[in-house]
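Rule-based calculations on the coordinates, nothing more; no lab input. Not measured: the values here are computed from a predicted model. All Cβ positions, glycine included, derive from the backbone under ideal geometry; neighbour counts span all protein chains shown.
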Amino acid sequence: MKKHPNKDINDAVKYAVENGWEIVAPGSSSHAWARLKCPYNDPDCRCGKFCLESVWSTPRNPRNHAKAIRRIVDRCINKDSEQ
Ligand SMILES: [Zn+2]
């Protein structure tokens, strides 16, 4: 697995992967380190937002960014288990 230079974010990415999320290439948007893709390709499952979350290489607040990543994963999983 690709490793993020920031420990908090790397842990959050690992958490996402453990929950079935996929790391996808950031494409042409160069500021993103990678993107995380939700395992449920379902219009009802959008994690409260989109099922694709960008992981920034150098966010202004890495700790908050890591938290946001975990939150989006939790929302997605919770939503799925409620059904
Ligand atoms: Zn989702």
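Judged by the mean number of other Cβ atoms found within 10 Å, the most tightly packed of the peptides 17-24, 6-13 leads the ranking 6-13, 17-24. For the stretch 6-72, the residue among A66, N19, L52 whose Cα projects farthest onto the positive side of the dipole built from Cβ charges is A66. Placing a pseudo-label 7 Å from each Cα along the Cα-to-Cβ vector at K2 and R75 gives an inter-label distance of 2.2 nm. Compared with the alpha-carbon gap, the fully stretched path from D44 to E18 is longer by 7.2 nm at 0.36 nm per residue.
The H on the amide N of W56, modeled in the peptide plane, is under 5 Å from the matching H of W33, each at least 5 residues off or on a different chain.
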